[in-house]
Amino acid sequence: MPEPFPSDSVGLVTPARQHFDQPLELVSGRVLESYDLVYETYGELNAARSNGILICHALSGDHHAAGYHSPEDRKPGWWDTAIGPGKPIDTNRFFVVSVNNLGGCKGSTGPNTPNPATGQFYGPDFPIVTVKDWVNSQQRLAEALGIDRWAAVIGGSLGGMQALQWAIDHPDRIAHAVVIAAASKLSAQNIAFNEVARQAILTDPEFHDGRYYEQGVVPRRGLMLARMLGHITYLSDESMGAKFGRELREQKLQFGYGVEFQVESYLRYQGESFVERFDANTYLLMTRALDYFDPAADYGNDLPTALRRASCGFLVVSFTSDWRFAPERSREIVKGLLDADRNVSYAEIEATQGHDAFLMPLPKYLDVFHAYMRRVADEVGA
């Protein structure tokens, strides 16, 4: 139990909820007549309202990015390494907003919330939303909070894609975009990983075409397999080798198909624990949003043309061992920004942790991040 909380923690936090009655037109052509967004804030909004930071989460993330919901919490929010007093996203200087995206499963309107039109869970009837839709809903949240312009929009992985979309779609409302371990669109290999994960869920006998809530069951096996597959892609071969090697649980081969290697045990644990905290319909939706992300598609499939709409400064960060969104993919973004004559800083961090490195307290990474954010704070008068 973290009692007292660390001095560089934001401490106890309480989620807030914002209801929107104004219909949201989605890229798919469908309309959400009303919806809720759940979010957390850390720090104080200054008098000029110039120090707002928006945190965008990745596939399995949520609004709880920093601090603790209770003194009994075993772990803080998912990006507590970067958010807090004196940290790169310094809550002594910034007012930080972290939102659970539409379609998420932690309180914002999504498949596991009631459809006002029917009183039943949305389930598979919840519309597929895109990164662009998320950004539009986040813009409404900014308006509700009285923030005309974010000092920065920041995210890793799928969160970085949202930061990129913000820069393109709302250039006057964002001063900086921090795009970490992301890509301007998914490769065929990445889409293939997502498809295998989806098929694991869709073919689970307990999926019931997405209406498993009414059946009182959960497609555990499918969601567990999806998470196990995804987790492999978040780690590097080097980090898995260093952590598990070929170590056996029982010190000798069992000549069966049960759990024999430590890495098997680890993956099953990750899968089983994920089932307890995530929703299968949301997993399907999030992976599809990843697949569809391609901001250049609206601009003749030319990334520099899309990025020419942006007017903010950019920090792009990649990690050498990230094979899910490899440094080459970040350099594509950087090249697009340079071709568009935009202001960009780029850091390629030596790291062995793979894609998940963006969540780790790596000194060189945090130093770069901190230096850039100090510049942002000075610039916006935070």
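The values are calculated or read from the model by the stated rules, or taken from the named source; none is laboratory data. Just so it is clear, the model here is predicted, and its values are computed rather than measured. With ideal geometry, Cβ positions are generated from the backbone for all residues, glycine too; neighbour counts draw on all protein chains shown. Accessible surface is based on the protein model in full, side chains and every heavy atom, while ligands, DNA and RNA are left aside. Shrake-Rupley method; radii C 1.70, N 1.55, O 1.52, S 1.80 Å.
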Verdict on Phe293 being under 20 Å from the mean Cα position of the chain (by Cα) and either modelled with pLDDT of 95 or more or not aliphatic (A, V, I, L, M) (or both): yes
Members of the stretch 96-109 that are in contact with a strand residue (DSSP E or B) (Cβ under 9 Å, 6 or more places away or on another chain) and either closer than 20 Å to Ala371 by Cα or open to solvent by less than 10 Å² (accessible area, probe 1.4 Å) (or both): Val96, Val97, Ser98, Val99, Asn100, Asn101, Leu102, Gly104, Ser108
Top-ranked residue of the stretch 295-349 - restricted to ones that are over 23 Å from Asp367 (Cα atoms) and among the acidic types (Asp, Glu), ranked as surrounded by the fewest Cβ atoms within 10 Å (Cβ to Cβ): Asp341
Would you check which residues across the stretch 130-186 are of a type in the set (Asp, Glu) and open to solvent by 10 Å² or more (accessible area, probe 1.4 Å) and list them? Glu143, Asp148, Asp169, Asp172
Please tell me if Arg93 is open to solvent by 20 Å² or more (accessible area, probe 1.4 Å), part of a loop (DSSP other than H, G, I, E, B) and either assigned by the TED database to the domain that holds Arg30 or of a type in the set (Ser, Thr, Tyr) (or both). yes
Could you please let me know if Glu250 is open to solvent by 40 Å² or more (accessible area, probe 1.4 Å) and in contact with a Ser or Thr (Cβ under 8 Å, 6 or more places away or on another chain)? no
If you take the residues in the stretch 47-58 that are in contact with a Gly (Cβ under 7 Å, 6 or more places away or on another chain) and not aliphatic (A, V, I, L, M), which one is surrounded by the fewest Cβ atoms within 10 Å (Cβ to Cβ)? Arg49
Contact list, first residue from the stretch 173-192 and closer than 24 Å to Val368 by Cα and in contact (Cβ under 8 Å) with a residue 24 or more places away in the chain, second anywhere and acidic (Asp, Glu) and crowded, with 24+ Cβ neighbours inside 10 Å, beta-carbon distance below 8 Å, six or more apart or interchain, is Ala181/Asp322
Which pairs turn up if I take residues in the stretch 241-264 that are more than 25 Å from Gly354 (Cα to Cα) and of a type in the set (A, V, I, L, M) and look for partners that are open to solvent by less than 100 Å² (accessible area, probe 1.4 Å) and in a loop (DSSP other than H, G, I, E, B) with beta carbon separation below 8 Å, at least 6 apart in sequence or on another chain? Leu253/Glu260
Looking only at helices (runs of 4 or more DSSP H) that lie completely in the stretch 268-382, which have at least 2 residues being among the hydrophobic types (A, V, I, L, M, F, W, C) and in contact (Cβ under 8 Å) with a residue 40 or more places away in the chain? 280-292, 303-307, 363-380
Check whether at least one residue in the stretch 63-71 is open to solvent by 10 Å² or more (accessible area, probe 1.4 Å) and assigned to a strand (DSSP E or B), and report yes or no. yes
Residue count, the stretch 127-172 (criterion: assigned to a loop (DSSP other than H, G, I, E, B), more than 30 Å from Ala351 (Cα to Cα), touching a residue at least 60 places away in the same chain (Cβ under 8 Å) and touching a helix residue (DSSP H, G or I) at 6+ places or on another chain (Cβ under 8 Å)): 5
